[in-house]
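Read the structure below first, then the notes.
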């Protein structure tokens with residue numbers, strides 16, 4: 001049987017099913033039609049030597065392009081990052097989500113899902129020259145409106161976002177998180193909580209979260225690092241994971257530290273999900289894109305299979321869209337094609353500290369909705 005598109009000869013790696021072998025993938029119409037050897041089709045892409053995974057999910061992005069000051073172009077970002085699903089984390093709130101949906105989500109090639117911000121206007125003052133934390137004004141914490149808008153758009157909205165910390169909630173401390181949890185309870189969705197410098201403390205935020213909620217910036221530097229001064233994982237973090245709280249990298253401009261990452265991995269505490277927190281201030285570095293975040297964990301010993309899981313099936317489960325995180329006949333026709341290059345690279349964390357890595361993951365292309373798009377990197 002001839003199919004529309006064949007990815008031929010790649011190492012197909014799907015942590016959800018345990019598949020890990022050199023074979024072909026066939027796409028027909030809007031489905032993944034076949035997995036096996038010797039498949040034929042109208043368009044054949046030779047991906048010998050590449051790794052083919054389910055379409056990767058960047059769990060933390062800002063892509064309300066043109067509608068919020070911090071967001072990047074989702075079309076360009078898909079090709080640069082290898083991610084076919086972009087989870088926007090709070091760029092829009094209940095006051096402007098419909099514009100985000102109409103002008104960006106509905107028109108974009110990559111799939112865009114969203115954590116709706118508890119702030120009525122989302123993240124509205126974030127630029128190289130203006131940075132005002134939206135959670136510093138409790139009048140913007142729109143509990144009723146957020147729950148209502150999330151209920152109106154269940155296909156696109158997968159949770160409620162909030163930002164707390166010295167830079168984002170100021171004297172309000174943890175109160176915006178309490179508002180987000182109230183809205184999330186009302187609409188039956190999880191929360192993603194950003195944390196920056198204290199107050200509140202890492203322990204206070206971790207203690208407040210429920211099973212299925214996500215704490216992003218989980219490997220951030222001090223202050224509010226996940227490890228204590230003597231290098232031990234905070235007890236509140238261990239307790240939170242034990243009750244089902246999820247931990248996301250969310251690299252961004254200020255939230256990835258080699259010191260924290262190395263100590264957390266050494267303690268047997270890998271992140272549940274790897275993400276970029278890409279925005280206008282970090283897209284040129286230090287975060288750049290999803291694979292750049294993955295490369296940093298790869299450099300310090302996180303196994304490839306675990307990294308792929310943290311960018312496919314793990315975020316799919318976190319956002320309650322498990323079909324997105326797997327390669328399944330009759331399933332979602334998305335895939336990511338990667339190369340592993342044997343070349344030394346120097347990688348920097350948000351404090352400018354560096355590590356050297358002898359291999360690097362590079363995007364080769366993606367299949368989105370059954371159509372092949374080449375990488376721009």
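The values are calculated or read from the model by the stated rules, or taken from the named source; none is laboratory data. From a predicted model like this one, the values you see are computed outputs, not experimental measurements. Ideal geometry is used to build each Cβ from the backbone, glycine not excepted, and the neighbour counts take in all protein chains shown.
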> Can you pull out the residues in the stretch 166-201 that are surrounded by fewer than 20 Cβ atoms within 10 Å (Cβ to Cβ) and part of a helix (DSSP H, G or I)?
Replying inline: 170, 171, 175, 178, 182, 185, 186, 187
> Limited to the stretch 37-59, what total is found for residues that are touching a residue at least 60 places away in the same chain (Cβ under 8 Å), crowded, with 19+ Cβ neighbours inside 10 Å and assigned to a loop (DSSP other than H, G, I, E, B)?
Replying inline: 3
>> It is to be established whether one or more residues within the stretch 60-73 are under 22 Å from residue 327 (Cβ atoms), in contact with a strand residue (DSSP E or B) (Cβ under 7 Å, 6 or more places away or on another chain) and touching a residue at least 60 places away in the same chain (Cβ under 8 Å).
In response: no
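How about the stretch 287-317: which of its residues are outside any helix (DSSP H, G or I) and either crowded, with 22+ Cβ neighbours inside 10 Å or at pLDDT below 95 (or both)?
From the stretch 287-317, those outside any helix (DSSP H, G or I) are 287-289, 300-303, 311-312; that's our starting set.
Passing the criteria: 287, 289, 311, 312.
Output the number of residues of the stretch 202-234 satisfying the condition of being in a loop (DSSP other than H, G, I, E, B) and within 17 Å of residue 175 (Cα to Cα).
Final tally of qualifying residues: 3.
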> What's the number of the condition residue 71 fails, among (1) assigned to a strand (DSSP E or B); (2) in the same structural domain as residue 85 (by TED's automatic domain parsing)?
Replying inline: (1)
>> Being assigned to a helix (DSSP H, G or I) and out of contact with any helix residue (DSSP H, G or I) (no Cβ under 6 Å at 6 or more places or on another chain) narrows it down to one residue among 26, 80, 34; which is it?
In response: 80
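Looking at 320, 355, which one is at pLDDT 95 or above, touching a helix residue (DSSP H, G or I) at 6+ places or on another chain (Cβ under 8 Å) and either under 26 Å from residue 189 (Cα atoms) or not in a helix (DSSP H, G or I) (or both)? Break it down stepwise before answering.
Numbers: 320 fails: touching a helix residue (DSSP H, G or I) at 6+ places or on another chain (Cβ under 8 Å).
When all the criteria are applied, what remains is 355.
If you take the residues in the stretch 77-102 that are farther than 15 Å from residue 123 by Cβ and out of contact with any strand residue (DSSP E or B) (no Cβ under 9 Å at 6 or more places or on another chain), which one is surrounded by the fewest Cβ atoms within 10 Å (Cβ to Cβ)? It would help to see each step written out before you state the result.
So in the stretch 77-102, the residues farther than 15 Å from residue 123 by Cβ come out as 77-86, 98, 101-102.
From the residues that got through so far, the ones that are out of contact with any strand residue (DSSP E or B) (no Cβ under 9 Å at 6 or more places or on another chain) too are 98, 102.
Working: 98: 13, 102: 11.
Restricting to residues being farther than 15 Å from residue 123 by Cβ and out of contact with any strand residue (DSSP E or B) (no Cβ under 9 Å at 6 or more places or on another chain), the top hit is 102.
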